[in-house]
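Take a look at the structure set out below.
FYI, it's all coordinate maths here, none of it is from the lab. In this text the structure is predicted, and so the values were computed from the model without any measurement. As a convention, Cβ positions derive from the backbone with ideal geometry for all residues, glycine included, and neighbour counts pool all protein chains shown.
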Amino acid sequence: MTSRLIRCSVLMVAVSVLASGACAKKKPPVARPMAPAAVPAPAVDVVPMPPPAPAPLTVTEPPVAPPPRVIDDPLASRNIDDLNKETPLQPVFYDYDRAELTQAARTALDTNAGILRKYPTWVITVEGHCDERGTAEYNSALGERRAAAARAYLVSLGIAADRLHIVSYGKEFPFDPAHNEAAWARNRRAHFVITAK
């Protein structure tokens, strides 16, 4: 029985040790040493540097433009009748019984387009003419096709269509009244008349 008591006592002591260890308070954490606080450096009066002086202001006069040159433009000051007498626009000539533009006709029309660009207020009538051969009706239709071909080419070069009117005179107003091949070649034409400026 004694051994039993001893065992019980040992067991009780062991349980109480375990119980006292479980109920024991936790130890507070150990404080670690902190770095010493930085000591602020003594304040020094800082004197700011003055900004650099601005560069001296130089006033430059704008260049004086020369007065515009007045170009003596003989066409600008002429009245319409005088312009049409001087004929600044070149006529365009056609092959016999044709309304297609030749290379020479295109060259003349290129020149005329340059003049019409220079004087954008001019309004032009393109007259279609024929030689004396053929009937009046046939030549009237051919003259209209010739005037229309010249007008269409000028429009393709950028001349406004509303500045270009067409009319056909057929064989009514020959440029050369002779009755030979040279005269007929001069009469197959588109003629340009300034009708407004």
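Subtract the Cα-Cα distance of ALA183 and ARG78 from 0.36 nm times their separation in residues, and report this length gain in nm to one decimal.
34.7 nm
Charges only on Cβ, +1 for Lys and Arg, -1 for Asp and Glu: so what's the dipole of the range 88-196 about the Cα centre, in debye to the nearest 20?
Computed charge dipole of the range 88-196: roughly 400 debye.
Amide H to amide H, which residues 5 or more places from VAL123 or on other chains are under 5 Å from it, using H placed in the peptide plane?
Long-range HN contacts for VAL123: THR195, ALA196, LYS197.
Among all the aspartates and glutamates, which ones have a C-alpha under 16 Å from LYS171's C-alpha, if same-chain residues fewer than 8 places away are not counted?
ASP95, ASP97, GLU127, ASP131, GLU132, GLU137, GLU144, GLU181
Name the residues whose placed amide hydrogens come within less than 5 Å of the amide hydrogen of SER168, ignoring near sequence neighbours (fewer than 5 apart) on the same chain.
Amide H neighbours of SER168, under 5 Å, 5+ apart: GLY128.
When every alpha-carbon pair in the range 88-196 is counted, what percent end up more than 26 Å apart? The partial results should precede the final answer.
Details: 809 of 5886 pairs.
In whole percent, the share of Cα-Cα pairs in the range 88-196 beyond 26 Å is 14.
Work from the charge dipole of the range 69-197 (Cβ charges, +1 for Lys and Arg, -1 for Asp and Glu, about the Cα centre) and give the residue of TYR119, HIS179, TYR169 farthest towards its positive end.
So the residue furthest toward the plus end is TYR119.
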